[in-house]
Amino acid sequence: MIKPIIVANWKLYGNKTFVQEFSKYFNLNLKNYLKKNTIIIAPPIIYIEYMKKLINEKNIFFSSQNIDYHNEGAFTGEISSRMLNDIGVKYVILGHSERRKNHFESNKLIAKKFHSVKKNNLIPILCIGETKEEKKLELTEKILKKQIDEIFLKCGKFAFNKTIVAYEPIWAIGSGKTATPNLINKILKMIKKYIIKNSFNNIKLYMQYGGSVSPENIKNIINEKYVDGVLIGSGSLNFKNFKKIIQISSNFNKKKTSS
Ligand code: PEP
């Protein structure tokens with residue numbers, strides 16, 4: 001059995017006061033749920049160390065929302081996987097649609113970042129997804145496979161071992177519209193089968209859904225067979241909503257799906 005994996009992506013939100021309030025709320029209301037969920041918080045990187053001290057709990061994990069693929073060098077403004085490893089961060093969100101769109105990140109660049117994350121013994125949370133137009137043109141599967149193929153090309157057949165892949169349809173992010181649980185399951189199953197078919201045997205791969213996850217829809221989403229967890233954006237900034245999502249998902253320890 002595996003615990004649901006809940007990732008909170010704060011994006012470019014929060015400040016010191018918010019971090020203090022979130023940590024206090026977490027300590028009082030959420031620590032008990034760590035036994036039943038793997039909780040990964042991705043605040044803006046500058047708050048991670050501070051939050052770690054405030055929460056002071058070894059069973060909560062932190063993630064960066066991005067990295068540069070170099071370990072070090074003359075790359076002003078960047079941070080590297082090696083530096084994250086140095087401060088005890090375990091996870092890195094990669095390929096988020098906001099970075100693909102606003103920072104022009106290509107599949108090739110994301111694959112280089114993925115490679116750096118793995119080389120530094122961190123765990124990638126790879127976001128993949130299609131636009132509304134691509135969905136309308138029935139290109140979803142093709143687009144997702146293309147996003148995956150570039151990772152195989154750069155990182156080889158063991159690339160996806162100990163990795164989280166988050167299916168995040170771009171039309172669902174921040175829109176209040178989620179994909180139906182049935183569609184989420186169907187697409188996660190397709191992605192998982194495709195990755196396993198192209199990998200060496202016995203990889204450990206975890207699947208998430210992201211896109212307008214809320215207290216109202218979490219139960220039906222997390223209940224689906226191929227959903228190992230969820231990636232939450234705006235819902236993770238509202239303490240009470242975040243708690244409700246975690247409370248509900250606590251009741252859904254997942255059986256491992258091998259393919
Ligand atoms: C996200 O940012 O990855 C996301 C899923 O956002 P939201 O939950 O706000 O749709």
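The values are calculated or read from the model by the stated rules, or taken from the named source; none is laboratory data. Being a predicted model, the structure only gives us computed values, none of them experimental. Note that we place each Cβ from the backbone using ideal geometry, even for glycine, and neighbour counts take in every protein chain shown. Keep in mind that these areas ignore ligands, DNA and RNA; they rest on the heavy atoms of the full protein, side chains included. Shrake-Rupley method; radii C 1.70, N 1.55, O 1.52, S 1.80 Å.
Between K108 and N201, residue separation times 0.36 nm minus the direct Cα-Cα distance comes to 31.0 nm. In segment 166-259, with Lys and Arg counted as +1 and Asp and Glu as -1 at Cβ, which of these residues, W171, N202, V213, has the Cα nearest the positive end of the dipole, that is, farthest along it? In segment 166-259, that residue is N202. So which aspartates and glutamates can K36 reach, going by Cα to Cα under 13 Å and dropping same-chain residues fewer than 8 places off? K36 reaches D228.
Just the protein heavy atoms count here, and of the accessible area of the chain at 1.4 Å, carbon and sulfur take up 50 percent. Using a probe of 1.4 angstrom and keeping all protein chains present, the accessible surface of the chain works out to 50 square angstrom per residue.
Considering only D68, D228, D86, the mean-square fluctuation computed in a Gaussian network model of the chain, springs between alpha carbons under 10 angstrom, is largest for D86.
Computed extension length for K145-K101: 14.0 nm, one decimal, from 0.36 nm per residue of separation with the Cα-Cα distance subtracted. Cut-off 10 angstrom, C-alpha nodes, Gaussian network model of the chain. Which of A166, A179, A74 fluctuates the most? Result: A74 has the largest fluctuation of those listed. Fully extending the segment from K240 to K177 would add 20.6 nm, taking 0.36 nm per residue of separation and subtracting the current Cα-Cα distance. Bridges between two residues of the chain, per DSSP, are antiparallel at a rate of about 5%.
For the chain, a/c is less than 1.5, where a ≥ b ≥ c are the root eigenvalues of the C-alpha gyration tensor. That puts it in the rounded class. Label positions at M1 and N251, each projected 7 Å from the Cα along the C-beta direction, are separated by 1.5 nm.
Using a probe of 1.4 Å on the protein chains alone, the accessible area found for Y206 is around 50 Å².
Compute the FRET efficiency between N29 and R82 as 1/(1 + (r/R0)^6), taking r as their Cβ-Cβ distance and R0 = 30 Å, and round to the nearest 0.05. Using R0 = 30 Å, I get an efficiency of 0.30. When only Cα pairs below 8 angstrom with a gap of at least 6 residues are kept, the chain shows a relative contact order of 22 percent.
Here the Gaussian network model covers the chain, with springs between Cα atoms less than 10 Å apart; of G233, G211, G156, G156 fluctuates the most.
Inter-part distance, segment 67-133 to segment 139-201, computed on C-alpha centroids, equals 17 Å.
Y13 label point, 7 Å along Cα→Cβ, cut-off 16 Å on backbone N: hits in segment 31-50? Within reach of a label on Y13, which here means backbone N under 16 Å from a point 7 Å along Cα→Cβ, segment 31-50 contributes 41-45. As a rough guide to protection, the peptides 11-19, 77-85 ranked by mean Cβ packing within 10 Å, highest first, stand as 77-85, 11-19. Hydrophobic, long helices, defined as DSSP H runs whose alpha-carbon span along the helix axis is 20 Å or greater and whose mean Kyte-Doolittle value is at least 0.0, occur in the chain at 181-197. Residues whose amide H comes within less than 5 Å of that of G211, counting only those at least five positions distant or on another chain, are L231, G233 (H built at 1.01 Å from N in the peptide plane).
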